[in-house]
Every structure is written in structure tokens, then in C-alpha cells.
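Remarks on the structure that follows.
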Amino acid sequence: MATRREAFGAGAAAVVPMLPGIAPFGVIAGLTAIATGLTTVQAMVLSGLVFAGASQLAMLQLVAEGAIPAVILLTVITINLRFAMYSASLAPHFQHLGRRWRLPLAALLVDQNYATTIQRYLHGGDAARRHGHWFYLGGGVTLWLTWQTATAVGVFMGTGVPREWSLDFAIPLVFLVLLVPALSDRAHVVAALTGGLVATLATDLPLHLGIVAGAASGIAAGLLAEARHGTDAVR
Amino acid sequence: MSEAALWWTIIGAGLCTWLLRLSFIETWQWIPVPALLHRALRYVPAAVMAALVAPALLRSGGAIDLSPDNLRLAAGLVAAVVAWFSRNVLLTLAVGMGSLWFLQALTAG
């Protein structure tokens, strides 16, 4: 019993350093929702259910532009496709769990929680792996509560934050810190350079396909680099 | 958009996102992930995070801008150095936001 609680606590502790990076993002999601004309309840339900900042902000932008719901949903799916990839990566580790565990666990799958949990499954010992889902749950609950609290702060700040603060710049800064540990060898660096370049060039594509185009070409480039040069460590 | 349409869009977005998260966790037993996909998955974080960061830094006002006038690129490069050596979110945020504010104050004055 103690080990479950320890795993839950360790999972929560692992995401704590990331919370100051997520909070401004959640605040921006909250105040953008209000600025777009959503009610307080709608803003909170949006953050609670979707729980993915980049797609929430893109969705709000499309609502403001008067896009039809089908286009908005397609955009959200496109931006959140990476969750299907995370899902495939974590799937083998969650198979011993019943559906009653798997269905709610899936709802907590976000970048930060994925990053810390897969690290634990791949590099932790047998004991760490055995309670991996408690570790994941601890991180997921912590991130979700933080996201809700931050959204609520944004909702109550409403349109009171001056644009000159450029708080939206916190978003790429958070992704930057998540990018660094992913650059583990030359092939991963090639994947990142290609993904970044293609996404930048493809930003004008409709439906925010730039991110998907960047991700797809980055992955392909990584696989090609691995096939040609192997996986030389860069540091 | 009507009140009802907005509600359905919010709920639909939540449902679609949850189904993406659930996808392979739920279908793993029936549809094993192919070996190539498994290898490809290792490059997802690097490719996706770079795809999210790069346009935010390299584009300014919609157009690609590699000049020193692009303050977000300059502040982002400073933050990237901090992120590389510290891997600390809070420190990277502080230095990144601080650099942007400093550069904005400098160019405004």
C-alpha cells in the first residue's frame, strides 16, 4: 500500500518543476476563452475535458473567426494527434490494467505526464514499473488540478491582463524545455531540426496542418538518420 | 456560433481528444503496433516539440523573420541556452520572459 502512495507521490513530484511553466499557459487559456465570449462554465469545461493548451487556443481562435464546428474539431484532432502516439507508446505498460483503470487514465495523458512516465517505464527498475500507473496517476491529477486552477485564474482575470506583458511567449518557452531532453542523439536532433523547419515553412497551410506536417517529416528524417548513421550520442 | 453549437463543439473537442488518448491503450490487444511505428514513436517528442517551438520563434506577425528585430527569436535563443544547460522550466521561463521584456523596453525607448 505504501509503495502505491509513494509511486503516486513520486509522479506528482516529478511534474512539480513543470507547473510554473504550465500555469501561465492555463491562465492564458482561461482569459482567451473569456475574451472569445465563452461563459465561465464553458471555459472551465473546455479546460477540464480537452486538457491540452495548444489545441484549446487554436480552437478559440477559430471560434472567434466564425469557423464551422466540423473544421474546429478537425483542427483539434490534428493538433492532438500526438496523444495517439503517446497512447501507443504507453499501451504495452497499461495492458495489465482493467478497463475501469484504462478509460480514466487515458483522459490524463498530456505531454509532461507522458514524458515522466515513459522515462520511468523505460529506465526504472522492476519495482518502479510495477506501480507505474500510480506514478502516472499522481502526475496526471497534479497537472489536471493545476490546469483547472490556472484556467480559473485566467477566467477571473478576464481581459484585465495587458497585451504588452506578452504572456503567450511562455508557451514556446515551455515547449523548449520539453524539447531539450528529447535531443538524446544525432538522429533525434535531425528529427527536431526537420520538424521545426517544416512546421515553420508550413504554418500557412489551412487547419493548422503545419504542426502535423512538421511532426511527420521530423519523424521520417529521424528514422532516415538512424538508418544511415546509427544513434551517435551528441553529449 | 449559437450557444448550443458552442457547447457541442466544446464537448466534441473533449471527446475527440479523449479518444485519441485512449486509442492504442484500448486497441493494443487486437491491433499490435507495428515495429516500424514503434521505432518512429521515439522521434515524436523531438519532432512535435520542435514543430511547436520553431514557428513561434521564427515567425513574427505571420511572416518568417530572422532579423534582430524579431525580439521573440532573440529572447528564445537566450532561453534555449538556459534550457539546454539547466533543463529547468522556471529558470528558462524567467530568463526568456525577462529577455523579451528587456528587449521590448529597449526598442520602445
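Figures for the structure shown
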quantity	calculated
Residues that are assigned to a helix (DSSP H, G or I) and more than 7 Å from every other protein chain (Cβ to nearest Cβ), drawn from the range B:12-36	B:15, B:19, B:27, B:35, B:36
All positions within the range A:84-117 that are in a helix (DSSP H, G or I), at pLDDT 90 or above and of a type in the set (A, V, I, L, M, F, W, C)	A:90, A:91, A:94, A:101, A:103, A:105, A:106, A:107
Search result, residues across the range B:81-100 that are within 7 Å of chain A (Cβ to nearest Cβ), touching a helix residue (DSSP H, G or I) at 6+ places or on another chain (Cβ under 6 Å) and in a helix (DSSP H, G or I)	B:83, B:84, B:89, B:90, B:92, B:93, B:96, B:100
Residue count, the range B:42-79 (criterion: over 14 Å from the mean Cα position of the chain (by Cα) and assigned to a helix (DSSP H, G or I))	8
Yes/no for residue B:11 being under 21 Å from residue A:52 (Cα atoms), surrounded by fewer than 17 Cβ atoms within 10 Å (Cβ to Cβ) and either among the β-branched types (Val, Ile, Thr) or in contact with a Cys (Cβ under 8 Å, 6 or more places away or on another chain) (or both)	yes
Residue A:32, sole failed condition from (1) within 13 Å of chain B (Cβ to nearest Cβ); (2) among the polar types (S, T, N, Q); (3) within 23 Å of residue B:92 (Cβ to Cβ)	(1)
Complete set of residues in the range B:51-109 that are among the small types (Gly, Ala, Ser) and exposed (fewer than 13 other Cβ atoms within 10 Å of the Cβ)	B:61, B:62, B:63, B:67, B:105, B:108, B:109
Residue count for the range A:105-128, restricted to those that are over 17 Å from the mean Cα position of the chain (by Cα) and not hydroxyl-bearing (Ser, Thr, Tyr)	8
Any pair with Cβ under 6 angstrom, 6 or more apart, that starts in the range A:145-172 at a residue that is farther than 24 Å from residue B:104 by Cα and ends at one that is modelled with pLDDT of 85 or more and among the hydroxyl-bearing types (Ser, Thr, Tyr)	A:147/A:47; A:151/A:47; A:155/A:40
Counted residues, the range A:58-75 - those being free of Cβ contacts under 8 Å to residues at least 40 places away in the same chain and assigned to a helix (DSSP H, G or I)	11
Of residues in the range B:51-80 being of a type in the set (D, E, K, R) and within 9 Å of chain A (Cβ to nearest Cβ), the one nearest to residue A:22 (Cα to Cα)	B:72
Conditions (1) small (Gly, Ala, Ser); (2) in contact (Cβ under 8 Å) with a residue 40 or more places away in the chain; (3) in contact with an Asp or Glu (Cβ under 8 Å, 6 or more places away or on another chain); number of the one not met by residue A:139	(3)
Tabulated pairs, the range B:88-109, first within 15 Å of residue B:78 (Cβ to Cβ), second hydroxyl-bearing (Ser, Thr, Tyr) and in a helix (DSSP H, G or I), C-beta under 7 angstrom, 6+ apart or interchain	B:92/B:86
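The values are calculated or read from the model by the stated rules, or taken from the named source; none is laboratory data. On a predicted model such as this, the values are computed, not experimentally measured, just so you know. For neighbour counting, all protein chains shown are included, and Cβ atoms are generated from backbone atoms with ideal geometry for every residue, glycine included.
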